[in-house]
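The values are calculated or read from the model by the stated rules, or taken from the named source; none is laboratory data. Here the structure is a predicted model, which means the values were calculated and not measured. Note that we place each Cβ from the backbone using ideal geometry, even for glycine, and neighbour counts take in every protein chain shown. Side chains are part of the model used for accessible areas, which takes the heavy atoms of the whole protein and leaves out ligands, DNA and RNA. Shrake-Rupley method; radii C 1.70, N 1.55, O 1.52, S 1.80 Å.
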Amino acid sequence: MTSWGARRRRRAMLWAAAGVVACGFLVVLEIAARRYGEPGPITNQVKALVLAPKPGPLYGGLALMMVVLTWRQRFVAAGAAIGIDVVLLLVRWAVDARMTGGHAFGTGALWVMLGFAVVAVTRRTGNERVLLLKGVGLGLLMVAARKTGDTWLFITAKTRPTVLDPYVATADHALGNPSWLAGRIVKATDPFSSHLLQLVYGQLAVAAVVVAFYQLRNVVVERRFPSHHLVRTFLVIGLLGPGIYMLFPVVGPVFAYGPGASGTGGVEWAAANLWPHTWPSITTPHPMTYDGITPRNCMPSLHTAWAVAIYIHSRRAPRLLRYAGTFWLIATLAATLGFGYHYGVDLVAGVVFVLTIEAALRSLERGWDRPGIQLVVYGTTVFIALLLSYRYLPMEMARYPEVSGPLLILVMTSVIYGYVRTTRIPAQRSGSPPAPEADAARGGAIAGEHEGPAPTATPAPELR
């Protein structure tokens with residue numbers, strides 16, 4: 001068997017193993033959620049076939065699936081999804097059925113994705129079947145990730161009755177309590193700033209779909225997916241992040257030191273009503289009890305991680321998309337701090353977290369070399385060291401901010417520098433024999449690379 005054939009076989013086995021692990025993970029989450037009297041991700045997904053869920057994730061998933069379709073097929077898919085939703089809306093209206101959360105659309109997109117999966121199995125063969133199934137899987141993964149994330153957040157609130165916000169708030173003195181400062185700025189410039197930042201913060205997934213759609217724009221012509229793209233990074237961040245929430249439960253400044261937000265949390269659970277009008281004092285921290293509703297989804301800041309991923313993957317896009325990626329990153333950082341959802345040290349951990357993941361995914365595709373391994377090990381070590389310092393050295397960080405603050409920025413900058421330097425290293429080392437499966441582009445261009453030898457582009461088959 002050739003090296004290319006062996007690589008493809010290993011890749012197929014890896015995907016099969018990942019599928020088994022994912023299914024097992026969903027089953028475990030379903031069981032865990034039902035222990036607390038709530039449906040899990042599998043049940044919620046089945047309900048979405050009849051009850052209208054939030055349309056954003058489903059239509060976003062449909063848009064991602066469309067990267068493998070021709071324009072004619074895209075119009076057919078979009079028209080079918082909207083038509084199904086209109087028919088179901090009329091049926092629900094006729095029987096006076098209650099809308100889930102007031103949502104009326106979304107089911108049609110899920111039906112269309114499942115329909116294309118049936119078409120792939122029954123009407124496609126060979127590479128065309130694989131490509132269409134990959135497209136359907138990409139769309140369904142986005143939907144499943146949202147359901148899984150909601151269940152994870154529910155479990156964090158139920159299984160972690162105490163939170164570590166006093167430790168993080170104390171450690172945040174090293175950076176000058178940026179959430180308090182940003183919160184004051186947002187309140188002083190309200191309502192313009194709050195409306196703009198809320199729009200950016202709430203529509204992060206839309207920005208990700210736009211960048212991902214650009215990266216995957218040539219799939220329908222080349223009949224293959226890029227070896228690395230934004231969706232993979234997003235999914236890995238969403239998979240690993242909630243696990244850290246369980247290890248380091250934090251609710252955020254507006255909940256732990258303010259009046260709460262969006263009707264959850266509140267002064268009755270807060271350590272004190274300080275955010276953002278009163279600077280927190282430096283006192284010995286201790287775990288505090290919090291409610292069983294508010295998700296412990298603060299450490300690290302996954303919104304920061306996702307925004308950084310969007311920024312990275314938009315660097316090789318046209319100028320307008322690059323500007324949009326930069327704006328989304330800056331606005332997301334401002335929103336996470338200005339709304340009191342995160343402390344400054346959360347953002348530092350989020351940056352290190354995403355760069356380590358991104359480095360690992362890029363090395364996985366181009367081949368593990370010494371710089372890639374060193375960066376992943378270094379990033380992991382720095383991330384663990386940050387969490388340990390927030391937990392066990394917060395008083396020292398608060399007492400000596402002139403040392404701990406610059407040190408935090410320095411270690412974060414060192415990971416950024418290592419990432420930039422490593423991704424600029426050529427994928428092929430001088431003197432090493434070229435492999436057929438090796439990517440031709442350099443490390444810094446991996447977001448636009450493709451797997452395997454470039455096949456001759458063939459017209460995509462029409463939907464039959």
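Tabulated results
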read-out	value
Residue list for the range 62-79, restricted to those being in a helix (DSSP H, G or I) and surrounded by fewer than 17 Cβ atoms within 10 Å (Cβ to Cβ)	TRP71, ARG72, PHE75, VAL76, GLY79
Members of the range 312-349 that are β-branched (Val, Ile, Thr), open to solvent by 30 Å² or more (accessible area, probe 1.4 Å) and out of contact with any Phe, Trp or Tyr (no Cβ under 8 Å at 6 or more places or on another chain)	ILE330
Complete set of residues in the range 363-375 that are farther than 12 Å from ILE416 by Cα and open to solvent by 10 Å² or more (accessible area, probe 1.4 Å)	LEU364, GLU365, ARG366, GLY367, TRP368, ASP369, ARG370, PRO371, ILE373, GLN374
Residue within the range 324-343 that is among the aromatic types (Phe, Trp, Tyr), part of a loop (DSSP other than H, G, I, E, B) and more than 26 Å from THR381 (Cβ to Cβ) present	yes
Near pairs, Cβ below 9 angstrom, 6+ apart or cross-chain, from the range 185-205 (hydrophobic (A, V, I, L, M, F, W, C)) to any residue that is part of a helix (DSSP H, G or I) and surrounded by fewer than 15 Cβ atoms within 10 Å (Cβ to Cβ)	VAL200/PHE327
Residue in the range 236-251 that is assigned to a helix (DSSP H, G or I), in contact with a His (Cβ under 8 Å, 6 or more places away or on another chain) and modelled with pLDDT of 85 or more present	no
Output for the range 142-160, where each listed residue is buried (at least 20 other Cβ atoms within 10 Å of the Cβ) and within 16 Å of PHE234 (Cβ to Cβ)	MET142, VAL143, ALA144, ALA145, ARG146, LYS147, THR148, TRP152
Residue match in the range 216-226 (condition: farther than 20 Å from ILE357 by Cβ, of a type in the set (A, V, I, L, M, F, W, C), open to solvent by less than 40 Å² (accessible area, probe 1.4 Å) and not in a loop (DSSP other than H, G, I, E, B))	yes
Residue tally, condition in contact with a strand residue (DSSP E or B) (Cβ under 9 Å, 6 or more places away or on another chain), open to solvent by 10 Å² or more (accessible area, probe 1.4 Å) and either on the phi > 0 side of the Ramachandran plot or not aliphatic (A, V, I, L, M) (or both), over the range 161-172	3
Residue satisfying all of: in the range 110-127; open to solvent by 40 Å² or more (accessible area, probe 1.4 Å) and part of a helix (DSSP H, G or I); farthest from LEU62 (Cα to Cα) among these	GLY126
Which numbered condition LEU355 misses (of (1) hydrophobic (A, V, I, L, M, F, W, C); (2) at pLDDT 95 or above; (3) within 24 Å of ALA169 (Cβ to Cβ))	(3)
Cβ pairs under 8 Å, 6+ apart, first in the range 103-122 and closer than 25 Å to LEU90 by Cβ, second among the charged types (D, E, K, R) and not in a helix (DSSP H, G or I)	HIS103/LYS54; GLY106/LYS54
